[in-house]
Amino acid sequence: MFYYACPRRSRHKMREQTYERLKRLASNIPNLLSIFRIVLIPFFIWQMLVGNTWNAGVILILSGFTDMFDGMLARRFGWITELGKVLDPVADKMTQISVSLVLLYVMRQYWVFFIIIITKEFMVMMICGMLLKRKVEFKGALWFGKISTTIYYVAMVMIIFWPGMLEFQLLLLLTVTTLCSLVSAIMYIPVFIRAVLRKNTNIV
């Protein structure tokens, strides 16, 4: 009733203000999805340690889909925020490090592969932290980083869901995943160097 009692110009202004508030709320959906991925990590670890690999695999798939979905939403609707530019890669790295640590514990005989992946992710996080201190602007992930992340998720889901796979199949998955991770890290070196010089880059 109050709304209709207002002059037409006031009603128009109220609609604009409401729209802007809804727009600001919607722009945080990708950030909420990134936070949701971080929240999923302890549940994944718990299910793996108690032997519920099926549940752990489902959680990891859900994490991967939210990773893809938040990026699609951010690009499609322009819901890109400064927080999201940092939160999304942090959620990715935290997930990959946590998954690798759990599989390192469960599959100790393949420790070399997981140590390489974990070391790479830690190094990228440290470098990104240093770049943030230098006020480097983050724009998003590069194509080789996206490919490496996708391969990682697919390989880890296959390993978790298919514990009885043949030895050579498991070694092939781990080798491809590790090589992609290393190649991605090497390809990021010139990106990091340019980032320091220009203070503006696509990263992680």
Points 7 angstrom from Cα along the Cβ direction at Val90 and Met130: gap in nanometres?
2.0 nm
Want the number for Leu172 to Val112: 0.36 nm per residue separation, take away the alpha-carbon distance, what's left?
20.2 nm
Dipole in debye (nearest 20) - the range 30-201, about Cα centre, beta carbon charges: Lys, Arg +1; Asp, Glu -1:
700 debye
Contact order relative to length of the range 31-120, as percent, for alpha carbon pairs under 8 angstrom and 6 or more apart:
35 percent
Over the range 94-152, what number does the Rg to Rh ratio reach, with both radii from the alpha-carbon atoms and Rh per Kirkwood?
1.05
Tally Lys/Arg at +1 and Asp/Glu at -1 over every other residue whose Cβ is under 13 Å from the Cβ of Ser63; what's the total?
-2
Scoring only Lys, Arg, Asp and Glu (+1, +1, -1, -1) among other residues with Cβ under 15 Å from the Cβ of Ser98 yields 0
Net length gained if the chain between Met158 and Tyr105 were fully extended (0.36 nm per residue, minus Cα distance):
17.3 nm
Percent of all alpha-carbon pairs of the range 30-201 at distances over 25 Å, whole number, is 32 percent
Quote to one decimal, in nm, the extra length available between Thr53 and Phe65 on full extension: 0.36 nm per residue of separation minus the C-alpha distance between them.
2.5 nm
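Every number in this text was worked out from the coordinates using simple rules, so none of it is lab data. Everything numeric here is computed off the predicted structure, so don't read it as measured data. Neighbour counts run over all protein chains shown; Cβ positions are idealised from the backbone, glycine included.
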